[in-house]
1. Could you give the longest part of the chain that holds none of the GluC sites (Glu not before Pro) found in DSSP loops with at most 12 neighbouring Cβ atoms within 10 Å?
2. Evaluated at 4 °C with a viscosity of 1.567 mPa s, what Stokes-Einstein diffusion coefficient in µm²/s does segment 84-168 have when Rh comes from the Kirkwood expression over alpha-carbon pairs?
3. Over the chain, what is the mean sequence separation of C-alpha contacts under 8 Å (at least six apart), divided by residue count, expressed as relative contact order in percent?
4. Among bridges DSSP assigns within the chain, what percent are antiparallel (round to 5)?
5. What does the charge add up to near residue 26, with Lys and Arg as +1, Asp and Glu as -1, over the other residues with Cβ less than 14 Å from its Cβ?
6. Normalise the Cα radius of gyration of the chain by 2.2 N^0.38 Å (N = residues in it) and let me know the number.
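A short reminder: the numbers here are calculations on the coordinates, not readings from a lab. What you see is a predicted model, and the numbers here were worked out from it, not measured in a lab. All Cβ positions, glycine included, derive from the backbone under ideal geometry; neighbour counts span all protein chains shown.
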Amino acid sequence: MVALSGLSERNEFSAVIIRTDFTDEAAWREVTAELDSSSQDDDPAESYDVVDAPELDGADTDAILAAISAEEELWNQLSVVFVADGTTMRAGHHALLAVTTLTREDIDDDDEAYEAMVEFGREFRTVPSGVHSIHANLELANMDFEEFSSNAHEDPEGVFRDFLSTAG
């Protein structure tokens with residue numbers, strides 16, 4: 001199993017971005033610039049933590065979740081992680097993969113609630129500016145994962161952008 005170094009040092013209020021693709025530094029700078037410009041924090045760099053994980057390049061969702069679960073204390077603090085993978089770097093919108101860390105057991109073994117949460121899957125794409133809203137609303141339990149994944153599902157490209165418009 002792959003262990004992710006750096007997760008234990010994260011700010012508990014920050015979104016976690018796992019960077020798995022290192023093929024395009026210019027694209028990565030565009031992603032971080034959008035993350036910084038969309039942050040509401042005085043210091044945008046404190047609103048998200050990046051974990052470099054080249055060993056997860058090309059990994060599927062299960063492998064990413066397995067790597068995170070190795071950090072049990074962190075695993076219990078997160079409801080979502082964001083992955084900057086090859087698709088992120090190649091797509092013009094640089095959408096990151098948002099992955100829920102919640103399992104059926106986390107939803108009190110409630111099959112119906114879990115199935116509703118993952119109706120559109122355990123993951124969806126979000127533009128970098130959506131990361132802060134998704135993270136904050138899930139951490140505060142203002143909204144549920146399925147509200148964001150449903151919105152992404154309705155987008156022609158399958159990307160969460162915001163709740164005010166649907167881009168095509």
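1. Details: sites that count: 12, 119.
Of all site-free stretches, the longest is 13-118.
2. Details: Rh = 13.2 Å.
Translational diffusion coefficient: 98 µm²/s.
3. Value for the chain: 22 percent.
4. 45 percent
5. So the surrounding residues net to -3.
6. For the chain, the normalised Cα radius of gyration comes out at 0.97.
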